[in-house]
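Peer 1: Let me begin by handing over the structure; questions about it come next.
Every read-out reported here was derived from the displayed coordinates using simple, explicitly stated rules and does not represent laboratory data. This structure is a prediction, so every number in the text was calculated from the model and none was measured. Here the Cβ positions follow ideal geometry from the backbone for every residue, glycine too, while neighbour counts run over all protein chains shown.
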Amino acid sequence: MANVDYYFLLKLFSALGCGLMAGVFFAFSSFVMNALGRLQATQGISAMQSINITVINPLFMLAFLGTAAACVFVLVSSLLKWYQPGAAYLLVASLLYLLGTFGVTILFNVPLNDALAKVDPSSTDGANLWVNYLANWTMWNHVRTVAALLAAAAFTIALSNRAA
């Protein structure tokens, strides 16, 4: 039976997960939010409320939360293997995803989504919230995009050195 390098597979999963999440967030930053912003507030709110419900699905959650869990393991391993080449890249990559992507989502994007979920799309309160929501949610999404992309890059650099 072949000798399987599980640590390599964990790093590869982390790199791919970070890249996948960067792509999802990039799509929202580059065109989805702009398209929603062109709609009437009632339509934009309703569409985003629907997106926020449908995003909670097994495939997305596996990518988002699975990558976070993998990054926790890689972070701990990088500290335990600090003497090995590439460990710093693994530490930085893990922190970028955990703080800049996962943390920003929990601290900023989710509360904005929760507030949006509570408004009636056709209300004045909804329309007022929508303007601020678009600007703030998108700005924090830019942060998530850059963090996930930089994490994927750092994981890729670390993967180029199999000793790490």
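Peer 1: Return a yes/no flag: does segment 49-61 have any residue that is among the aliphatic types (A, V, I, L, M) and under 17 Å from T138 (Cα atoms).
Peer 2: yes
Peer 1: Can A88 be described as assigned to a helix (DSSP H, G or I), out of contact with any helix residue (DSSP H, G or I) (no Cβ under 8 Å at 6 or more places or on another chain) and free of Cβ contacts under 8 Å to residues at least 24 places away in the same chain?
Peer 2: no
Peer 1: Still on this structure, I have one more. So which pairs qualify, if the first residue must be in segment 44-66 and over 24 Å from S94 (Cβ atoms), the second must be surrounded by 12 or more Cβ atoms within 10 Å (Cβ to Cβ) and among the aromatic types (F, W, Y), the Cβ gap must be under 7 Å, and the two must be at least 6 apart or on different chains?
Peer 2: From segment 44-66, the pairs are G44/W130; I45/W130.
Peer 1: Now for a different question. Only one residue in L98, L116, L80 is surrounded by 13 or more Cβ atoms within 10 Å (Cβ to Cβ), out of contact with any strand residue (DSSP E or B) (no Cβ under 6 Å at 6 or more places or on another chain) and farther than 18 Å from Q43 by Cβ. Which one?
Peer 2: Every option except L98 fails the conditions.
Peer 1: Going through L98, L150, L129, L159 one at a time, which residue ends up being within 17 Å of the chain's Cα centre (by Cα) and farther than 23 Å from S30 by Cβ?
Peer 2: L98
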